[in-house]
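Here's the structure we're looking at; comments come further down.
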Amino acid sequence: MNLLEKIFVDGSKSKLNIYFTAGYPGLNNTGTIMLELQKHGADIMEIGMPYSDPVADGPVIQQSNAIALKNGMTIKLLFEQLAEVKEKIHIPVILMGYLNPVLQYGIKAFCKNAEAAGVSGIIIPDLPMYEYEKQYQTIFKKHNLAMIFLVSPETSDERIKKADNLSNGFLYAVSSSSTTGEKEMGDAQHEWFKRIKKMTLKNPVLIGFGIKEKKDFELACEYASGAIVGSAFIKALAKTNNLEKTVGDFIKIYKGC
C-alpha cells in the first residue's frame, strides 16, 4: 500500500482532502501551502497542475489555472517544489491535471518523477478508463501511484464498478454533473449519495464538487469516507496576505481543530 491507501485503513470517516492549484496565488507558494495544510489537520492534499483548458473545473479554479500559468508554473517546476518539502510531508499528496500536459511531459518520466517527489496518487479527468487500462496502468503501478477515477450521477452502475476496480486509494464521486464549485447540494445529490453508498465498492469514496461549507462537508461524510474542497479554498487564497493564517482558519471551518 502507498500512503494514500494506508490513510483509509482505520475505516474512519470525515477525511478532508483540500485542493489547490500549484503556483497560485504566487509561483513559490506551493510548499508553504502544503506544510500549512498538513499542520492544521488536512488529511489529504490535492495539487492541481495548471492547464490552459481545465474542462472539469468551474470559473474559480479556471482563473487560478490561468494565473498560475502566467506566474510561470510548469510540471517540471512543480516536481522541484515537491522535492523541496518531500521529507516534511507525511500526508498523501495527489496531483490532479489533464492528459495533454502529462503526455507532453512523457508518461514514463511523469510517473517516475512523481514517485520521486513523494506523490501518492493521480487524478486525470480526461483519461479514458480503457486507455489507462490498456496503455498506462502498468507504468503507474510500477511507480506505486494510485490512479483515481471520477464517477457522477449519470455514470451507470457498471461503469462505476469498472472505475472502482481500476482506482486505488479512493473513488472520486462528483456531487453533480457540472464543473467544480458550481451547484448547491439538493435532493438530487442526496439520492446520488445514497445510491453509491449502497454499492459494494472496494475503494472508499470521497465526494467532491460543491463542497463549500461545513454543512456540505458533514452531509458528504454521512454517505462517504470524506470530501474534497477546492473552489472555496481557492477563493480564500485569493483574498489573503497571510497564507499561514488563511490556511489554518480555513481548515477549522471543516475540522474544528
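Determine the per residue accessible area of the chain with all protein chains present and a 1.4 angstrom probe, expressed in square angstrom.
Details: 11360 Å² over 257 residues.
With the other protein chains kept in place, the chain gives 44 Å² per residue.
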* Taking N as the number of residues in the stretch 105-257, what value does Rg over Cα atoms divided by 2.2 N^0.38 Å take? -> 1.12
* Contour excess over end-to-end distance, with Cα ends at ASP249 and THR74 and 0.36 nm allotted per residue -> 60.1 nm
* What part of the accessible area of the chain, given as a whole %, is carbon or sulfur when the probe is 1.4 angstrom? -> 49 percent
* Structure fact -> Percent of all Cα-Cα pairs per 5 Å bin for the stretch 1-134, counting from 0 up to the last occupied bin, reads 2, 10, 20, 24, 21, 15, 7, 2, 0
* Diffusion constant of the chain at 37 °C, which comes from Stokes-Einstein with the Kirkwood Cα-pair radius and 0.692 mPa s, µm²/s -> 182 µm²/s
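The values are calculated or read from the model by the stated rules, or taken from the named source; none is laboratory data. Just so you know, these numbers come straight off a predicted model, no measurement behind them. Protein only, heavy atoms only, side chains kept; ligands, DNA and RNA dropped before computing areas. Shrake-Rupley method; radii C 1.70, N 1.55, O 1.52, S 1.80 Å.
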